[in-house]
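Before any comments, here is the structure.
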Amino acid sequence: AAGLLSGKRGLIMGVANNRSIAWGIAKSARLHGAELAFTYQGDALKKRVEPLASELGGHVVGHCDVTDAASLDAVFAETERLWGGLDFVVHAIAFSDKDELTGRYVDTSEANFTKSLLISCYSFTAVAQRAEKLMGKGGSLLTLTYYGAEKWMPHYNVMGVAKAALEASVRYLAADLGPQGIRVNAISAGPIKTLAASGIGDFRYILKWNEYNSPLRRTVTIDEVGETAAYLVSDMSRGMTGEILHVDAGYHVVGMKNPEAPDL
Ligand code: NAD
């Protein structure tokens, strides 16, 4: 039987290691039959991404730092050379100076605000501009967000503001690209211990809090995010665009601490 994603070609941006959410998504997409290409950020990550890509029979289309437009152009040019077109892109990229992922949001510097919004929000639009040209037959763009966009969370600070802007850009991009059959959605993932997450103050506490208070009484895995991502980049979700889907063990519906939860 044909897989959910057989015949689809997807570009995966944001694998740092085998704990990355982008890696969970890549594994699911491959399991369901997609052909994959990967970017990496800098030589240090090249060494990690190359073996992971080959594990899934995927291609590596080069270095991409989203603050460098030429490197973005280069990986899309390479993808075009490779496939001539593109069916989906996974954008799993975010950054803030670690020193500002603790303490108060009000103390955010202009320099880190600008850099965080550029890397964590604008880069998705920059990706959409380039992907559009390769998606003549339509396609699906997917990004990753967090509940800290909707509600205050301790330590999340400027990243919460960046994610709110990213979620708004999902809606604007969906409206702009919908007429060409390009869908734009996001997954709002619950907390998962990754390299990026380890920069957030008291992350262990946040994980425990979610485990005790989410409806499913646990946190989620990169494989679970991956399965929902496979759905969002597949034709099964063809009627959906501009959507933010929560994959968070239900935490976003909770309004108050679980009275049975142990003290933290
Ligand atoms: P990760 O550290 O594995 O991945 C982050 C990726 O961002 C890395 O591959 C890194 O190379 C890339 N990146 C950072 N700056 C970049 C730049 N200038 N150019 C190109 N790439 C750059 O961590 P992750 O948790 O898998 O993060 C992936 C996405 O998921 C992020 O958008 C993150 O905000 C989001 N997210 C994470 C969680 C969580 O708890 N881990 C929850 C919700 C959403």
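When the residues of the stretch 71-120 are filtered to those that are among the β-branched types (Val, Ile, Thr) and over 15 Å from the mean Cα position of the chain (by Cα), which remaining residue is farthest from the ligand (Cβ to nearest atom)?
So in the stretch 71-120, the residues among the β-branched types (Val, Ile, Thr) come out as 75, 79, 89-90, 93, 102, 106, 108, 114, 119.
Among the residues that remain, those that are also over 15 Å from the mean Cα position of the chain (by Cα) are: 75, 79, 102, 106, 108, 114.
Values: Val75: 10, Thr79: 15, Thr102: 16, Val106: 21, Thr108: 17, Thr114: 13 Å.
Top of the filtered list is Val106.
Restricting to the stretch 40-65, name every residue that is in contact with a Leu (Cβ under 7 Å, 6 or more places away or on another chain) and within 12 Å of the ligand (Cβ to nearest atom).
Listed by number, the list holds a single entry, Cys64.
Do any helices (runs of 4 or more DSSP H) lying entirely in the stretch 138-244 carry at least 1 residues that are modelled with pLDDT under 95 and at negative phi, and which ones are they? Working first, answer last.
Working: elements: 157-177, 203-213, 222-233.
In the stretch 138-244, the matching helices (runs of 4 or more DSSP H) lie at 203-213.
Which members of the stretch 170-200 meet the condition of being within 13 Å of the ligand (Cβ to nearest atom) and within 19 Å of Glu150 (Cα to Cα)? If you could, list the steps in order and put the result at the bottom.
So the first thing to find is which residues in the stretch 170-200 are within 13 Å of the ligand (Cβ to nearest atom), and the list is 170, 186-200.
The answer is Val170, Ala186, Ile187, Ser188, Ala189, Gly190, Pro191, Ile192, Ala197, Ile200.
Cβ-Cβ distance below 6 Å, separation of 6 or more or different chains: which pairs start in the stretch 128-144 with a residue that is touching a residue at least 24 places away in the same chain (Cβ under 8 Å) and end on one that is hydroxyl-bearing (Ser, Thr, Tyr) and not in a helix (DSSP H, G or I)?
Going by the 6 Å Cβ cut-off, there are no qualifying pairs.
Please identify the pairs in which a residue from the stretch 193-222 that is over 23 Å from Gly103 (Cα atoms) has its Cβ atom under 9 Å from the Cβ atom of a residue that is within 11 Å of the ligand (Cβ to nearest atom) and polar (S, T, N, Q), counting only partners at least 6 apart or on another chain.
Glu211/Thr219; Arg218/Asn210; Thr219/Asn210; Val220/Asn210; Ile222/Asn18; Ile222/Ser20; Ile222/Thr194
The values are calculated or read from the model by the stated rules, or taken from the named source; none is laboratory data. Remember, predicted model here, so these are calculated numbers, not experimental data. All Cβ positions, glycine included, derive from the backbone under ideal geometry; neighbour counts span all protein chains shown.
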